[in-house]
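Have a look at the structure below, then the notes.
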Amino acid sequence: MAKFADVIVDVATQDTNKTFQYQIPNQLADLVKRGSRVEVPFGRRKIQGFVVNIKSTSSFSGKTKNLLSVIDEFPPLNSELLQLSDELAKHLFTYRISVIQTMLPNVLKANYQRFLQPTETISESTYQQLFQNQKTNQLPLNQIKDYDLIKLIQKTLQNKETKIVYQVKNKAKDKVATQVELGLGLSIYQKVLETTKANATNQQKLLKFIIQNPQKFPIFQTQLTKEAQLPVSFLSEAEKKGWLTRSKVQINRDPLANLTVSKDTNPKKLTTEQQEAVEAINQPLDNSQKRVFLLEGITGSGKTEVYLQTIAKALGKKKQALMLVPEIALTPQMVRQVFARFGSKVAVLHSGLSDGERYDEWRRINGQEVDVVVGARSAIFAPLQNLGLIIIDEEHESTYKQEENPKYHAREVAKWRANYHQAVLVLGSATPSLESRARAQKNRYQLLLMTKRPTQLALPQVDLIDMTQAHFSSQLDLSDELIAGIKQTIAQKQQVILLLNRRGYANFMLCRDCGYVLKCPHCDISLTLHKDTQQMKCHYCGYETSVPKQCPECQSTRIKFFGSGTQKIEELLQQILPESTILRMDVDTTRRKGGHQKILDAFGNHEADILLGTQMIAKGLDFENVTLVGVINADSGLSFPDFRSSEKTFDLLTQVSGRAGRANLPGKVLIQTYNPDHYAIQLAKNHNYEGFYQKEMAIRRQGQYPPYFYLNLITVTSKLEQKAAMAAFKIKSLLKKELSDQALILGPTPQAVTRLKDHYYYQILIKYKVEPKLYATLNTIKAQAFDSKKDKVNIYLDVDPYQFN
DNA sequence: AGCACGCCGACT
DNA sequence: GTCGGCGTGCTC
């Protein structure tokens, strides 16, 4: 009997966001599985899709087409991920194909090629013009720019001298290497060596190498030529003589090849608090029960050791473990620790991997060859089939929320997967998100507290510098008190970390005659001066232009630059402390691969006295010799129009404070602020997370924000401001009509940055507790957006938004 | 997304 | 007349 496949096609639009049915031809019957990646005809084209179901009847009223081929030998999606992709797409109001693509490594994305082919009726001259340089009668069409050529091709297509063929190319390439094996019995090589001529040096080199190192075979060709110092060409000669045989073998790219594994493989002795945490987590692990823990432990309390020992427990129960860390914390040091403990059973997924490396790691996971996966946000989709434990370190980090579609939160996906597998989920943080901490309060999560540092080291002394009262002898960004602290620390041959949350040199250019401010032509925000490259840059869209010498408006030369970024502070510090060495770390100095690590290594080796950087320096760095941490602008985050700005400021200050004083040197923290009485700053000074939690909860309740209310953010955008505004008001009235009066509907308001990349943005924020009709209403709104495609209006939905703009 | 079809203004 | 611009609708 004929079989049919339900296929999600690789076209991310509203009206293709459903399954399409194809008949499975007999010869593919055994190959097509649920989760298979397949090639299908779609209109005139051939495209890629994913089989989500196989059934014996078709419900399609038209004529079903045949599946063309199955792309991979094993299906990339298992039934868990198929179900998750469906539910996630619905929950996030996004396309299922988009969710599937974020679950899988990049190389599984389709790569389409179009070729022009001659037909039988082609004339000799057309053939000469189009195909004489092509080896296979195929002209690749994808990047033809020559207008005359395009016109010629169109003409030949019209009179049917040529036709277009479509191809789905598989980008996933297995990496192969040449392996060399011995072709003769071991005892024979000595005799062969005696028969070689005296001047046959390559032959002698190879034979001696074989005789001395027989245990090294089979060996990779690259390794053999290096170790025996032979040219590759000689190996084919040796192969002809029958001395060696060569074959291609598939290998995995090893992203950790040059990682020195530390010897520290044994579990560390636990403090009482750690022991209690480990035992609490082990209990449901032992009984295969699902449970969520919130591990609230101050910086330096040893959360990592708790993670490692509970992972060991999961492995002992023949279960697998998945650990998420923020990208920035996924450093070689951290990976090394996990590797030391669990060896080759570990796979690592981070953004530093090439597409090929990532694919190899993913395949090891999908083949269930590993038991532990460590990775950043998207690793939450790692296809482990026997999950027992999921850990999210620094669970409050906003990097776990993806800001592009699909706008998922890894923590929410983790909950779904833990539930699916009846697994244990551990959320760890020194400063838990209010949402998680509140759930622990209501016993939805089990709270585990760790309040002590194993080394008995006191938390650093934190002093606030009131910038409204401070003295400044040089300029207004660095107070005398902070400079004195830096000088004193350097004099004692100790190191300083300085945090400044603003990159670039100066963040706006003002004409003092006419008041003109230089803005990005695509976005509505001022351009930032970057002195090293002598460019004005837009930090939103990346637009760059040269630094003006005169005002573009009134031609005055009285131009001034305001606002200090990392580049300017670096320059100032160098003036004030000419004999100190400074390392700057921000997006601009770490863009290259490994740039990040280079700076950290240099600082760790005490090649510099001061590390100056944006918030990327706040996380997870441990430098024994750092005794002073300075925060140059503690308030900069507070002024953002974001209800989480206090929480973010508190987290950042707490974290950066944790960088001061390790080992036997006491640390000190100096925070410059214009709001010394602000509760986030006061409570961070006193290392008082619980106090902050109480205070901030009261404010959230009052402001009707999470965790008391849920949020949904609707963004309406258009190139035409009028259209965006009108659509936004229509949406608001629909919401008003459909939702209960318990729901708060704010807006529409133009975004803080009204125009971005030549589009205008209007936002509507919905706050609610229980709204049974909300889901259906939002779906209607999305469908209408599709209707109003001619109005050139787009509508984006963000469930549980983290970025407000 | 692409790709085709169909309708209207502009030019060989 | 016909070329080519773009709006509209469809893909199992």
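The values are calculated or read from the model by the stated rules, or taken from the named source; none is laboratory data. Because the structure is predicted, anything quoted here is derived from the model rather than measured. All Cβ positions, glycine included, derive from the backbone under ideal geometry; neighbour counts span all protein chains shown. Remember, those area values only see protein heavy atoms, side chains included, never the ligands or the DNA or RNA. Shrake-Rupley method; radii C 1.70, N 1.55, O 1.52, S 1.80 Å.
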Worksheet item: Of all residues in region A:706-729, which are touching a strand residue (DSSP E or B) at 6+ places or on another chain (Cβ under 7 Å), assigned to a helix (DSSP H, G or I) and not aliphatic (A, V, I, L, M)?
Response: A:Glu721, A:Lys723, A:Phe729
Discussion item. Every residue in region A:1-38 that is closer than 16 Å to A:Lys65 by Cα and among the polar types (S, T, N, Q), please.
Written reply: A:Thr19, A:Gln21, A:Gln23, A:Asn26, A:Gln27
Worksheet item: Taking into account only those residues within region A:8-38 that are within 13 Å of DNA strand C (Cβ to nearest atom), touching a Ser or Thr at 6+ places or on another chain (Cβ under 8 Å) and without any contact (Cβ under 8 Å) to a residue 60 or more places away in the chain, which is nearest to A:Leu82 (Cα to Cα)?
Response: A:Val38
Practice prompt. Assess whether A:Val374 counts as being in a strand (DSSP E or B) and touching a helix residue (DSSP H, G or I) at 6+ places or on another chain (Cβ under 7 Å).
Written response: yes
Practice prompt. Please determine, by comparing only the residues of region A:92-125 that are within 16 Å of DNA strand B (Cβ to nearest atom) and among the polar types (S, T, N, Q), which one is surrounded by the most Cβ atoms within 10 Å (Cβ to Cβ).
Written response: A:Thr94
Practice prompt. Looking only at region A:31-40, decide whether some residue is of a type in the set (Ser, Thr, Tyr), closer than 28 Å to A:Leu778 by Cβ and not assigned by TED's automatic domain parsing to the domain that holds A:Val165.
Written response: no
Discussion item. Quick check on A:Ile8: is it in contact with a strand residue (DSSP E or B) (Cβ under 7 Å, 6 or more places away or on another chain), modelled with pLDDT of 95 or more, part of a strand (DSSP E or B) and aliphatic (A, V, I, L, M)?
Written reply: yes
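Yes/no matrix, rows are residues, columns are (1) in the same structural domain as A:Ile281 (by TED's automatic domain parsing); (2) within 30 Å of A:Lys269 (Cβ to Cβ); (3) within 15 Å of the chain's Cα centre (by Cα):
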residue: A:Ser351; (1), (2), (3): yes, no, yes
residue: A:Gly356; (1), (2), (3): yes, no, no
residue: A:Asp371; (1), (2), (3): yes, yes, no
residue: A:Ala382; (1), (2), (3): yes, no, yes
residue: A:Leu387; (1), (2), (3): yes, yes, no
residue: A:Thr399; (1), (2), (3): yes, no, yes
Discussion item. When you scan region A:3-15, do you find a residue that is buried (at least 20 other Cβ atoms within 10 Å of the Cβ), β-branched (Val, Ile, Thr), more than 27 Å from the chain's Cα centre (by Cα) and more than 16 Å from DNA strand B (Cβ to nearest atom), even just one?
Written reply: no
Worksheet entry | Matching entry among A:Gln368, A:Gln422, A:Gln385 (being farther than 22 Å from A:Pro105 by Cβ and open to solvent by 50 Å² or more (accessible area, probe 1.4 Å)) | A:Gln422
Worksheet item: Is there a residue being among the hydroxyl-bearing types (Ser, Thr, Tyr), in a strand (DSSP E or B) and either open to solvent by 30 Å² or more (accessible area, probe 1.4 Å) or at pLDDT 70 or above (or both) anywhere in region A:788-796?
Response: yes
Worksheet entry | Those strands (runs of 3 or more DSSP E) lying entirely in region A:287-349 with at least 2 residues of a type in the set (D, E, K, R) | A:291-297
Item to complete: Please give the number of the condition A:Gly43 fails out of (1) within 14 Å of DNA strand C (Cβ to nearest atom); (2) open to solvent by 70 Å² or more (accessible area, probe 1.4 Å).
Response: (2)
Worksheet entry | Residues of region A:58-73 satisfying the condition of being among the charged types (D, E, K, R) and either buried (at least 16 other Cβ atoms within 10 Å of the Cβ) or within 16 Å of DNA strand B (Cβ to nearest atom) (or both) | A:Lys65, A:Asp72
Discussion item. Show the residue pairs meeting these rules: Cβ distance below 8 Å; 6+ apart or different chains; first residue within region A:700-719 and modelled with pLDDT of 90 or more; second residue in a loop (DSSP other than H, G, I, E, B) and of a type in the set (Asp, Glu).
Written reply: A:Pro706/A:Asp800; A:Tyr710/A:Asp800; A:Leu711/A:Asp800; A:Asn712/A:Asp800
Practice prompt. Check whether at least one residue in region A:544-558 is closer than 27 Å to A:Leu638 by Cα, assigned to a loop (DSSP other than H, G, I, E, B) and modelled with pLDDT of 75 or more, and report yes or no.
Written response: no
Discussion item. For region A:74-91, check the following and say yes or no: at least one residue is surrounded by 17 or more Cβ atoms within 10 Å (Cβ to Cβ), within 15 Å of DNA strand C (Cβ to nearest atom) and either under 29 Å from A:Leu797 (Cβ atoms) or assigned by TED's automatic domain parsing to the domain that holds A:Lys160 (or both).
Written reply: no
Item to complete: Could you tell me which residue of region A:587-635 is farthest from A:Asp532 (Cα to Cα), considering only residues that are at pLDDT below 80 and among the small types (Gly, Ala, Ser)?
Response: A:Gly620
Discussion item. Given the criteria without any contact (Cβ under 8 Å) to a residue 40 or more places away in the chain, within 26 Å of A:Pro332 (Cα to Cα) and open to solvent by less than 20 Å² (accessible area, probe 1.4 Å), does A:Ile390 qualify?
Written reply: no
Worksheet item: Could you list, in sequence order, the residues of region A:80-131 that are aromatic (Phe, Trp, Tyr) and within 30 Å of A:Asp800 (Cβ to Cβ)?
Response: A:Phe93, A:Tyr95
Discussion item. Out of the residues in region A:17-32 meeting the condition of being under 11 Å from A:Asp6 (Cα atoms) and open to solvent by 20 Å² or more (accessible area, probe 1.4 Å), tell me which one is farthest from DNA strand B (Cβ to nearest atom).
Written reply: A:Gln23
Worksheet item: Can you tell which of A:Val40, A:Val99, A:Val32 is touching a Gly at 6+ places or on another chain (Cβ under 9 Å) and β-branched (Val, Ile, Thr)?
Response: A:Val40
Discussion item. Restricting to region A:728-773, name every residue that is modelled with pLDDT under 90 and acidic (Asp, Glu).
Written reply: A:Asp758
Worksheet item: Looking at region A:647-706, which of its residues are surrounded by fewer than 16 Cβ atoms within 10 Å (Cβ to Cβ) and in contact with a helix residue (DSSP H, G or I) (Cβ under 7 Å, 6 or more places away or on another chain)?
Response: A:Gly691
Worksheet item: How many residues are in a loop (DSSP other than H, G, I, E, B) and of a type in the set (D, E, K, R) when one looks only at region A:422-475?
Response: 4
Worksheet item: How many residues does region A:46-56 contain that are open to solvent by 30 Å² or more (accessible area, probe 1.4 Å) and within 15 Å of DNA strand B (Cβ to nearest atom)?
Response: 1
Fill in: Residues satisfying the stated conditions in region A:377-412, i.e. modelled with pLDDT under 95 and in a helix (DSSP H, G or I)
A:Ser398, A:Thr399
Fill in: Qualifying residue in region A:662-669 (condition: charged (D, E, K, R) and part of a loop (DSSP other than H, G, I, E, B))
yes
